[in-house]
Amino acid sequence: MSQEIDVSLVHVTKRFGDLTAVDDVSFDIPKGSFFSVLGPSGSGKTTILRMIAGFETPTSGDIYIGGERVNDVPPNKRRCNMVFQRLALFPMMNVLENVTFGLRRRGGMSKAEMEKLAEDALARVGLQGLGKRKINQISGGQQQRVALARSLVLDPTVLLLDEPLGSLDLKLRQAMKLELKHLQARMGTTFVYITHDQTIALAMSDTIAVINKGKIEQIAPPEVLYRRPATHFVASFVGENNKLLAGRVTRQVDDQVCEVDFGGIPMVGRMGDPLKPGDTVDLFIRPEMILLRPGKHQDGILGKITEINFDGSHSLIAVALTESSRPLAINVKLQHTEQAPDVAVGDIVTLSWRWDAANAFHPVDQSHIEKEA
Amino acid sequence: MWKRIKRARGLWLLLIPMLLWIGLLFVLPHVKLFILSFQERRGGAFTLDNYAAFFHKSLYTKVFIRTALFSIFTTLLTLLISFPAAFIITKVLGKKMKALLLLAIVLPYWVSELIQAFTWMVLFRETGVISYVLQYLGITHHNIEFLYHNSTIVVGLVYTSILFMTIPIMNSLDTLDDSLIEASYDLGGDFWSTMREIIIPHAGPGIMVGSIMVFMLNLGNYVTVTLLGGKNSLWFTEAIYNQFIVRFNQNQGSAFGVILLTFSVIFVWIVLKITKQDLTEAM
Amino acid sequence: MKRRTLIVIVLLMALGLFLAACGGGSAPATKEAPAQPTKAPEATKAPEPTKAPEAKEGGVLRMLTWEGYAPEELVKKFSDETGIKVEVSYIGDNNELIAKMAATNGVGFDLVSPTLNYVSNSQQEFGIYQPIDLSKVNKDLFIPAYLDSILKESQFEGKPYALPFVWGTTAMVVNTEKAPDAGVSYLDLCDPKYEGRVSYRAKYDTLYMFAYALGYDPAEAVKDEDEYRKVMNAVLDKLIECKPVVRTYWDSRQQLEELLTKEEVWVASSWDAIAWTLSKDDPKFKYVVPKEGAVGWFDTFAISAGAENVDAAYKWINFVMQPENAAVIINGTGYQTASQGAAEKASPEMAKLVADSLPPEKMATIKWYFPLPDYAVDIQADVEEQLKAAQ
């Protein structure tokens, strides 16, 4: 099924002086989808959003909204609205006036009609009856909703969100996260969400674009992103990982799977990059995908438990690989199910995983990733 | 406990110079002025004649109204000129230009008002710089006198008060989050609606402080008005000066002073009410 | 936050400067022709207690006078010659002088210098002076016309109370290149021929000039309140009628000099000293006394009623009026004195200007400032204000 495209970036580049903030970025956002741009701070994601909103003009390349090229359309004429990081509610107006602001600018409506629409929008975000409140008289979560209602009341083609949940505390953030997703599903508006928080992006998005240093690393649905990261950066930035550095490829099993040697211990993994025997690789292994069995078994890697961190639904178990020629440790996330083995610090265990639980990439210069991640 | 009391007492000591300053130089003279204004010139018996004289002599009411209207007009004009300047300095320019322009606004106040007024005279007089330049450019072929007009008074007053308008407005615009302006545009606002609904309401307190200060300064101006105004320049402050210095009529002069003070207080209060501003908030 | 604080400080500093400027700039310190209003002065404060100075041969002479009237050079010379110690206090205006004298009935001062129009009326009111003993005065030192005139004008109950000292006049200054015909009458200041080229003060001296020019005698009219108001209102009407001709009313010497030298103004009222200074640099400027006569002021010598050293006071008078000594005062102040021959000693060039502008026949027409009752002060101030307010 060919999908209708709402927002389209075609080879967009943005430079500020010597700095290239956005470097030849292209993507399409299908109508009605929840699209996230995920990246560390300074990666250029905010610049992308501001270009879509119209506050910045691309140095080269084109931006389309609803099929129309909008490079030269000022922000107040674009069919997209933005929810700002710091919300940018108008403190000199009450809640209702904030929500009707855009309608008043648009005109062609009676005051009563505007207020009706605004009340509807407020009801949609669960704020019915609060219209007369001052902005500083409502809580942070409520302000969040006002900011949403203020944009949604205009029925935009695209809603741009600049990490609006960042300022909330954890619990509220979790609640708002779900609400936002439900709202988006209900309204069918295209959401473009900017964030550096991968848990939010993974939980809400239909599609995620991971961006680093102004360049797109991977565009994919959350699950694909998580299971089959396309680049070394994505693998290390998205989700928790055991990161084993500088192993050597010993064998290419087929076009997807390879065997890697770390300190004399053979391991298996998916080839993220095209690899051939003898290549140096980094291996990323998801801790929750590792099978941990007490005692010695032939079909696995032997290790000794050095630390157990209990965390309610699961425990994080640190295992030192005893047969390795260099010190290696692997963390295992053990779900507390009925079948979960009883283990203690000092126990000898055997670790094993399916080939697609691990991803192998050519090493890159690590310094910047560690700093930013 | 003892420590706390001691600390509190120390703080009070710090306030003493200011209290003395206000008490001795502001409150006491004004109380004296107020009492004098209700006394007869000779003998000091209670009387309302000093106030009656103000309302009966059309000269004084005329001069007073003229002074008040001029002050209001120049205050508005100053606001009209200062606001865009303050906006551009705080919101549009880069750091370097910002500092430069701020300096350009502050610098003229390093010389006294008297010297400023003389400078204006050098510029504006018939044989002055502006007249010369106009002739040099061929725009006119004879000398033009710019001094001694009402408009010269207005120009002078606006000039002497720009700083006192610009700085408070800059101060309040500084606290305006740029994303508010962006949000307005994003929601379909244009330049004028953003100005009207977001920027001016936000700068309201600064505009109020600036306007009050400038209005008071204009109302009480003496030097600029007399030097630039020439033969038609009678200002209410000059009438007060005449009462004290020329006529030796302290009582009449005091009554005029009280009238001027009362008017400015009431006027400021009304404006605050109309614009729904709070003085404590504005200050 | 830091930036805000900085801004506030800058603002306060600027405001402070501004107010300081307002306070400092309001009263230019010029010695005006001292026809300040006579008003019953309140006894403000007693003069400083007189310490009993060691009376050497001549004792001590205590003077109350104007800045420049007892220059240090002369004081030292006088003390050296006579052995009399001199203590000088200064006054800013005649009311201050009268207030100080009245507070102690003249005790504390021997010799004072009131302006002529304040002598007889304050003597009448407060009795602060004693009659002049002409036998102690070297009359040859004085220009006879001045001596006679002042002795006559300062009379109270038939006795003279003042001797002539320093004088000045107000008449017109004319740029003879631009307005060769001007200066015949004060009404030339109202001639449409000179529209926009005229300046004078919106002050009492102008009121007197126009009163005389319109044929009134304000010195006589001032004795009756209604009469004086009538005269002054007639003057006001004339001045309002003349307003379109005036470029601006001048306030300070510097302002008048600029208006004239830049030729923005051709005909103006002027103090003699201003005009003479201008003529010295450029002869096209001329001090002209029109047919109505100059308006003049005369500062005098008067002996305090409470004088403790009357002899020393006369010795000082006879000393200062010697031409070479009076010349020091002329050079210091720019005013003329009643000393015979002093002007020539001071500056022959200036003496010629004075003689040209004020030959004996013009001297005779000088209209001296007259004493002002309270109501006259108010009437004049009313006229001045209404003149400035008239559009």
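Selection over the range C:102-122 of residues that are within 17 Å of C:F165 (Cβ to Cβ) and either of a type outside the set (F, W, Y) or open to solvent by 40 Å² or more (accessible area, probe 1.4 Å) (or both) gives a count of 11.
Among strands (runs of 3 or more DSSP E) entirely within the range A:1-110, having at least 1 residues that are open to solvent by 30 Å² or more (accessible area, probe 1.4 Å) and away from every other protein chain (no Cβ under 14 Å) singles out A:5-16, A:19-30, A:60-65. Consider the range B:157-176 and keep the residues that are more than 11 Å from B:K91 (Cβ to Cβ) and not hydrophobic (A, V, I, L, M, F, W, C). The one that is farthest from the chain's Cα centre (by Cα) is B:T175. Each residue in the range B:106-156 was checked for being within 16 Å of the chain's Cα centre (by Cα) and either more than 12 Å from every other protein chain (Cβ to nearest Cβ) or among the acidic types (D, E) (or both), and 5 pass.
Being within 16 Å of the chain's Cα centre (by Cα) and not in a helix (DSSP H, G or I), is that true of even one residue in the range C:115-124? There is at least one residue in the range C:115-124 that is within 16 Å of the chain's Cα centre (by Cα) and not in a helix (DSSP H, G or I).
When the range A:112-162 is limited to residues that are open to solvent by less than 20 Å² (accessible area, probe 1.4 Å) and among the small types (G, A, S), the one that is nearest to A:F55 (Cα to Cα) turns out to be A:S151. The number of residues in the range B:108-133 that are under 25 Å from B:K231 (Cα atoms), without any contact (Cβ under 8 Å) to a residue 40 or more places away in the chain and not hydroxyl-bearing (S, T, Y) comes to 8.
For C:E96, the requirement of being without any contact (Cβ under 8 Å) to a residue 60 or more places away in the chain, open to solvent by 30 Å² or more (accessible area, probe 1.4 Å) and over 22 Å from C:A326 (Cα atoms) is met. Answer yes if at least one residue in the range C:183-192 is out of contact with any helix residue (DSSP H, G or I) (no Cβ under 7 Å at 6 or more places or on another chain), closer than 18 Å to C:V289 by Cα, open to solvent by less than 10 Å² (accessible area, probe 1.4 Å) and among the β-branched types (V, I, T), and no otherwise. No, the range C:183-192 contains no residue that is out of contact with any helix residue (DSSP H, G or I) (no Cβ under 7 Å at 6 or more places or on another chain), closer than 18 Å to C:V289 by Cα, open to solvent by less than 10 Å² (accessible area, probe 1.4 Å) and among the β-branched types (V, I, T).
Residues in the range C:240-267 that are more than 15 Å from B:R125 (Cβ to Cβ), open to solvent by less than 30 Å² (accessible area, probe 1.4 Å) and more than 10 Å from chain B (Cβ to nearest Cβ): 3 in all. Scanning the range A:167-203 for residues that are open to solvent by 10 Å² or more (accessible area, probe 1.4 Å) and within 14 Å of chain B (Cβ to nearest Cβ) returns a single hit, A:S167. Scanning the range A:348-365 for residues that are open to solvent by less than 30 Å² (accessible area, probe 1.4 Å) and in contact with a His (Cβ under 6 Å, 6 or more places away or on another chain) yields A:T350, A:F361. No other residue among C:K284, C:K291, C:K243 is in contact with an Asp or Glu (Cβ under 6 Å, 6 or more places away or on another chain) and either among the acidic types (D, E) or farther than 30 Å from C:I317 by Cα (or both) apart from C:K284.
Taken together, the residues in the range B:162-183 that are within 13 Å of chain A (Cβ to nearest Cβ) and either in a helix (DSSP H, G or I) or in contact with a Lys or Arg (Cβ under 6 Å, 6 or more places away or on another chain) (or both) amount to 7.
Residues that are open to solvent by less than 20 Å² (accessible area, probe 1.4 Å), farther than 30 Å from B:L59 by Cα and in the same structural domain as C:E220 (by TED's automatic domain parsing) number at least 3 in none of the helices (runs of 4 or more DSSP H) confined to the range C:298-391. Among the residues of the range B:196-218, count how many are away from chain A (no Cβ under 13 Å) and farther than 15 Å from B:V271 by Cα. Of the residues in that region, 2 qualify. The single condition among (1) surrounded by 23 or more Cβ atoms within 10 Å (Cβ to Cβ); (2) away from chain B (no Cβ under 14 Å) that C:A221 does not satisfy is (1).
The residues listed here are C:F156, C:F210, C:F126; of these, the one that is among the aromatic types (F, W, Y), modelled with pLDDT of 95 or more and open to solvent by less than 60 Å² (accessible area, probe 1.4 Å) is C:F210.
Kindly establish whether A:V345 is among the β-branched types (V, I, T) and either within 17 Å of A:R251 (Cα to Cα) or surrounded by 14 or more Cβ atoms within 10 Å (Cβ to Cβ) (or both). Spelling it out, it is not the case that A:V345 is among the β-branched types (V, I, T) and either within 17 Å of A:R251 (Cα to Cα) or surrounded by 14 or more Cβ atoms within 10 Å (Cβ to Cβ) (or both). Kindly indicate whether any position in the range A:204-215 is open to solvent by less than 20 Å² (accessible area, probe 1.4 Å), part of a loop (DSSP other than H, G, I, E, B) and not assigned by TED's automatic domain parsing to the domain that holds A:Q335. Within the range A:204-215 (the criterion being open to solvent by less than 20 Å² (accessible area, probe 1.4 Å), part of a loop (DSSP other than H, G, I, E, B) and not assigned by TED's automatic domain parsing to the domain that holds A:Q335), the answer is yes, since at least one residue qualifies.
The helices (runs of 4 or more DSSP H) located wholly in the range B:184-248 that include 3 or more residues which are at pLDDT 90 or above, more than 13 Å from the chain's Cα centre (by Cα) and surrounded by fewer than 22 Cβ atoms within 10 Å (Cβ to Cβ) occupy B:191-194, B:200-219.
The values are calculated or read from the model by the stated rules, or taken from the named source; none is laboratory data. Here the structure is a predicted model, which means the values were calculated and not measured. Glycine gets a Cβ as well: all are built from the backbone with ideal geometry, and neighbour counts include every protein chain shown. Side chains included, ligands, DNA and RNA excluded: accessible areas come from the protein's heavy atoms. Shrake-Rupley method; radii C 1.70, N 1.55, O 1.52, S 1.80 Å.
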